[in-house]
Amino acid sequence: MAKSKKRNKTKKKQWINKTMKNKLIDNLKNNIFCRIKPSKINGIGVFAIKDIPKNTNPFVVSGKECIPQKTVELNEKEIMNLEPEIKNMIKDFFAESNGIYGLPYYGINSIDISFYINHSDKPNVEWVNVKNCKFAIIKTLKKIKKGEELLLDYGIYKKF
């Protein structure tokens, strides 16, 4: 009976691994639209590696539009004693509201490439609030062609 239980656990583990692999392959085929490249606008930017349809979230993770993430609020005083470059990163990547920055619980290293989208007064993507999502997601405002840089109007975030 012990061999039977061990065999069942092995089969279950193989099934889980195969299921996870299939989901990953599906994600790689259907949900990867962008990469980071040098930008003429500001150092680096996010570029389409294939056409992205209008009203698409190009940063879906394994079929999930929003990955639930805990946030921690830090005020100006709390970030004041951090290394200057870390303070700059917080101010560059996270929106401030009334002196408060909401950062992912897992830290700055847990952010995805969408945080590298450059600003433009003529954006081709926008922030969209989604129920039960701590961070706004991004949706395309128009079809974005392969090679085109994704651009976001940073000023709009203040309305969220």
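Summing +1 for each Lys or Arg and -1 for each Asp or Glu among the other residues whose beta-carbon sits under 13 angstrom from that of Ile49 gives +3.
With 32 Å as the limit on Cα-Cα distance, the pairs of Lys21/Lys54; Lys13/Lys54; Lys77/Lys143; Lys29/Lys91; Lys18/Lys40 that go past it are Lys13/Lys54; Lys77/Lys143; Lys29/Lys91; Lys18/Lys40.
Specify the angular offset, from 0 to 90 degrees and rounded to the nearest 10, of the alpha carbon long axis of helix 84-93 from the longest principal axis of the alpha carbons in the chain. The two axes meet at around 80 degrees. Karplus-derived 3J(HN,Hα) values for the stretch 114-122, using 6.51 cos²θ - 1.76 cosθ + 1.60 with θ = phi - 60°, are 4, 5, 9, 5, 7, 7, 7, 6, 10 Hz; glycine and proline are entered as x. Relative to the longest principal axis of the Cα atoms of the chain, the long axis of helix 2-30 lies at roughly 30 degrees. Structure remark: mean-square fluctuation, Gaussian network model of the chain, C-alpha springs under 10 Å; the largest value among Asn22, Asn55, Asn30 belongs to Asn22. Shown here are the Rg and Dmax of the Cα trace of the chain, at 19.6, 68 Å. Counting only aspartates and glutamates at least 8 places from Lys145 when in the same chain, those with an alpha carbon closer than 13 Å to its own are Asp51.
Read-outs: derived from the displayed coordinates by stated rules, not from any lab. Only a predicted model underlies this, so the values are computations on that prediction, with no experimental measurement involved. Methodologically, a virtual Cβ is constructed for each residue, glycine included, from the backbone with ideal geometry; neighbour enumeration extends over all protein chains shown.
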